[in-house]
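Below is one structure, written out as structure tokens, with a few remarks after it.
Laboratory data are not the source of any read-out in this text; all were calculated from the coordinates shown. Since the model is a prediction, treat every value here as computed from it, not as a measurement. Glycine also receives a Cβ, built like all others from the backbone with ideal geometry; neighbour counts cover every protein chain displayed.
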Amino acid sequence: MTVVRAAITQVAWTGDKESMINCHENLARRAAAEGAQIIGFQELFYGPYFGAVQEQKYYDYTESIPGPTTARFQALAKELHLVIVLPIYEVANAGEFYNTAAVIDADGTLLGIYRKHHIPHLPSFWEKFYFRPGNRGYPVFETAAGRVGVYICYDRHFPEGWRELGLANAQIVFNPSATKPGLSNRLWEIEQPAAAANNQYFIAANNRIGQEVSEFGLDAPCFYGSSYFVDPRGNILGEMASQDKEEIVIRDLDLEEITRARNDWQFYRDRRPETYERTVQL
């Protein structure tokens, strides 16, 4: 498959889990109807962004993988012949929670999971209260739409994981996020294009929208959308999504561009891992 039609979503919190799941199922159906072969949902897609506070009640959003939500979207993936990147608040054991994305192939097979490695802990993003750091490495999944990797939100500030995915021969990396205005705005514009150019693959970057005042009050982060795709040379494909509207962003990704970019810029040939001593020091 040379050209892959890919989709990402940006959605505001509706107020309850079931309506969020229904909303994303409908968006997946719309994307498939427009020819999409793969879709990625936003970070913690079926819940609020509860990192705004530190409250145990939000542990109730955890699910096992496999579990009810993954099973539901496995059936949908098989029905629609659609690869789905499905961010889940995962419980592995009692009290052991992860910010995870499950990858489901177009035949409904659960291919595996990625667990977010880098966990922030600062005002409005109290994630260490909710998540352990990921411990499953940086897998790349062979899907019907190509070789797919995942890097979640705060991960994107750390170049080492982007490179791990490139070394594992990823073609498309999904970066589901929950990002608010302030320090992040400029980084949102430059980090994914830089990572795509440095590692020479496609990146799908999607952000939530809206301010979850009904859940957390006026101190809730206000997420600014602006979801986009970027190609292996660092070019944003088409326009960024809006800052405040529910959208599906759909783009055609020519996977042959990865080969062309790597032939033009021989970063993988010319890298010098034997010299990067401090990069992997604790």
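Which of the residues belonging to the range 222-241 are in contact with a Gly (Cβ under 9 Å, 6 or more places away or on another chain) and either closer than 15 Å to Ala178 by Cβ or in contact (Cβ under 8 Å) with a residue 24 or more places away in the chain (or both)?
Of the residues in the range 222-241, the ones in contact with a Gly (Cβ under 9 Å, 6 or more places away or on another chain) are 222-223, 225, 228-229, 240-241.
Passing the criteria: Cys222, Phe223, Gly225, Tyr228, Phe229, Ala241.
Based on this model, can you work out whether Tyr138 counts as in contact (Cβ under 8 Å) with a residue 12 or more places away in the chain and part of a strand (DSSP E or B)?
Values: in contact (Cβ under 8 Å) with a residue 12 or more places away in the chain: yes; part of a strand (DSSP E or B): no.
When the stated conditions are applied, Tyr138 does not pass them.
Looking at the range 213-225, can you tell me whether even one residue there is over 30 Å from Asn263 (Cα atoms), among the hydrophobic types (A, V, I, L, M, F, W, C), in contact with a strand residue (DSSP E or B) (Cβ under 6 Å, 6 or more places away or on another chain) and outside any strand (DSSP E or B)?
Taking the range 213-225 first, the residues over 30 Å from Asn263 (Cα atoms) are 213-225.
Applying the additional criterion that residues be among the hydrophobic types (A, V, I, L, M, F, W, C) yields 213, 216, 218, 220, 222-223.
Within this subset, residues satisfying the condition of being in contact with a strand residue (DSSP E or B) (Cβ under 6 Å, 6 or more places away or on another chain) are 220, 222-223.
When the remaining residues are screened for being outside any strand (DSSP E or B), the result is 220.
Looking through the range 213-225, at least one residue is over 30 Å from Asn263 (Cα atoms), among the hydrophobic types (A, V, I, L, M, F, W, C), in contact with a strand residue (DSSP E or B) (Cβ under 6 Å, 6 or more places away or on another chain) and outside any strand (DSSP E or B).
What about Leu167, is it within 26 Å of Val280 (Cα to Cα) and more than 17 Å from the chain's Cα centre (by Cα)?
Numbers: within 26 Å of Val280 (Cα to Cα): yes; more than 17 Å from the chain's Cα centre (by Cα): yes.
In short, yes.
Just give me the residues in the range 26-57 being more than 17 Å from Pro120 (Cα to Cα) and part of a helix (DSSP H, G or I), in sequence order.
Across the range 26-57, the qualifying residues are Asn26, Leu27, Ala28, Arg29, Arg30, Ala31, Ala32, Ala33, Gln56, Lys57.
If I go through the range 13-33 residue by residue, how many of them are within 16 Å of the chain's Cα centre (by Cα) and among the small types (Gly, Ala, Ser)?
Here the count works out to 1.
Cβ-Cβ below 8 Å, separation at least six or inter-chain, first residue in the range 113-126 and farther than 21 Å from Lys180 by Cβ, second among the aliphatic types (A, V, I, L, M) and part of a loop (DSSP other than H, G, I, E, B): which pairs?
Ile113/Ile65; Tyr114/Ile152
Would you mind finding the one in Thr9, Thr14 that is touching a helix residue (DSSP H, G or I) at 6+ places or on another chain (Cβ under 6 Å) and more than 27 Å from Arg136 (Cβ to Cβ)? Write out each step before concluding.
On the way: Thr9 fails: more than 27 Å from Arg136 (Cβ to Cβ).
It is Thr14.
Sort out which residues of the range 72-124 are closer than 22 Å to Gly35 by Cα and among the basic types (Lys, Arg), and write them in order of number.
Residues satisfying the conditions are Arg72, Lys78.
Take the residues in the range 70-101 that are farther than 21 Å from Thr9 by Cβ, part of a strand (DSSP E or B) and not aliphatic (A, V, I, L, M), then tell me which one is nearest to the chain's Cα centre (by Cα).
We begin by selecting, within the range 70-101, every residue farther than 21 Å from Thr9 by Cβ; these are 91-98.
From what's left, part of a strand (DSSP E or B): 91-93, 96-98.
Keeping just the survivors that are not aliphatic (A, V, I, L, M) gives 93, 96-98.
Numbers: Asn93: 23, Glu96: 21, Phe97: 18, Tyr98: 14 Å.
So, considering only residues that are farther than 21 Å from Thr9 by Cβ, part of a strand (DSSP E or B) and not aliphatic (A, V, I, L, M), the one nearest to the chain's Cα centre (by Cα) is Tyr98.
Report, by residue number, each residue of the range 231-278 that is in a loop (DSSP other than H, G, I, E, B) and either of a type in the set (S, T, N, Q) or farther than 21 Å from Glu164 by Cα (or both).
The first filter runs over the range 231-278 and keeps only residues in a loop (DSSP other than H, G, I, E, B), leaving 231-235, 237-246, 255, 265-266, 271-272, 276-277.
Those that are in a loop (DSSP other than H, G, I, E, B) and either of a type in the set (S, T, N, Q) or farther than 21 Å from Glu164 by Cα (or both): Asn235, Leu237, Gly238, Glu239, Met240, Ala241, Ser242, Gln243, Asp244, Lys245, Glu246, Gln266.
Taking the residues in the range 34-69 that are of a type in the set (S, T, N, Q) and within 19 Å of the chain's Cα centre (by Cα) as candidates, determine which candidate is surrounded by the fewest Cβ atoms within 10 Å (Cβ to Cβ). Please lay out each step first, then the result.
Step one: of the range 34-69, the residues of a type in the set (S, T, N, Q) are 37, 42, 54, 56, 62, 64, 69.
Now narrow it down to the ones that are within 19 Å of the chain's Cα centre (by Cα): 37, 42, 62, 64, 69.
Numbers: Gln37: 23, Gln42: 25, Thr62: 19, Ser64: 13, Thr69: 20.
The residue in question is Ser64.
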